[in-house]
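Structure record follows, encoded as structure tokens.
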Amino acid sequence: MLGVGSRVRHPGYGDGVVIRLHQAAYEVAFMLYGIKSVGKDYNAWEIIEAIEADSAVTYSEAEKSLKRILREFSDISEVVPLGDRWDKGTLILKPSDESLKPKEIPIEAFFHKIVMVRDRLRVMEQRVNSSNLNDEEKVNLQQYITRIYGSLTTFNVLFKYKEHNFVGDKGDRE
């Protein structure tokens, strides 16, 4: 029997986490389909991570687990702060042709776009990893994603905290 916090993959609903137990069913929060009841005798799903039903899982632990799963598999983006020195700054794009006007963009708006690109790359990475592609195809796509991250490292100067930075191929191939 599964306990609260157990992670499952349903053939129709996709990835989910058990959030409540009933006598004959589990209440499961699925990423794309919301909360559904699934009978305890259902056995066509894949159990990704089982937590024993009799083990004590606090609401706080279940909430943390659900937030982590939602962050990994959805378009929900975390709040990423802009570096203090860029606060209220302006990005100026100045063409070499003097007859053309420069374009000014608030750095916050530009930074928001960069963070959105990063978040969507993470979602793409998760979807590649959980796809039905064979291992070689997954590795090839992962290499492209890693190169994209590497190309975006120029923008790391905008992030307040290093843990939010883009990281490309570090050259430490195993």
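The table below gives the values:
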| quantity | calculated |
| --- | --- |
| Residues of region 14-36 satisfying the condition of being within 23 Å of the chain's Cα centre (by Cα), part of a loop (DSSP other than H, G, I, E, B) and under 18 Å from Ala50 (Cα atoms) | Met31 |
| Selected residue (criterion: modelled with the lowest pLDDT) from residues of region 147-174 that are basic (Lys, Arg) and in a loop (DSSP other than H, G, I, E, B) | Arg173 |
| Of all residues making up region 37-56, the number that are surrounded by 11 or more Cβ atoms within 10 Å (Cβ to Cβ) and either β-branched (Val, Ile, Thr) or at pLDDT 90 or above (or both) | 8 |
| Residues being surrounded by fewer than 11 Cβ atoms within 10 Å (Cβ to Cβ), in a loop (DSSP other than H, G, I, E, B) and not acidic (Asp, Glu) - total across region 87-97 | 3 |
| Residues located in region 123-141, provided they are in a helix (DSSP H, G or I), of a type outside the set (D, E, K, R) and touching a helix residue (DSSP H, G or I) at 6+ places or on another chain (Cβ under 9 Å) | Val123, Met124, Gln126, Val128, Asn129, Leu141 |
| Which listed residue, of Leu82, Leu66, Leu21, is at pLDDT 85 or above, under 26 Å from Gln126 (Cα atoms) and either touching an Asp or Glu at 6+ places or on another chain (Cβ under 7 Å) or not aromatic (Phe, Trp, Tyr) (or both) | Leu82 |
| Failed item in (1) in a helix (DSSP H, G or I); (2) modelled with pLDDT of 90 or more, with Tyr144 passing the rest | (2) |
| Leu100 vs. criteria at pLDDT 90 or above and either loosely packed, with under 14 Cβ neighbours inside 10 Å or more than 30 Å from Arg9 (Cβ to Cβ) (or both) | yes |
| Tally, over region 1-13, of residues that are in a loop (DSSP other than H, G, I, E, B) and either over 14 Å from Ile51 (Cα atoms) or touching a Pro at 6+ places or on another chain (Cβ under 6 Å) (or both) | 3 |
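The values are calculated or read from the model by the stated rules, or taken from the named source; none is laboratory data. Source: prediction; values computed, not measured. Every residue, glycine as well, gets a Cβ built from its backbone with ideal geometry; the counts of neighbours run over all protein chains shown.
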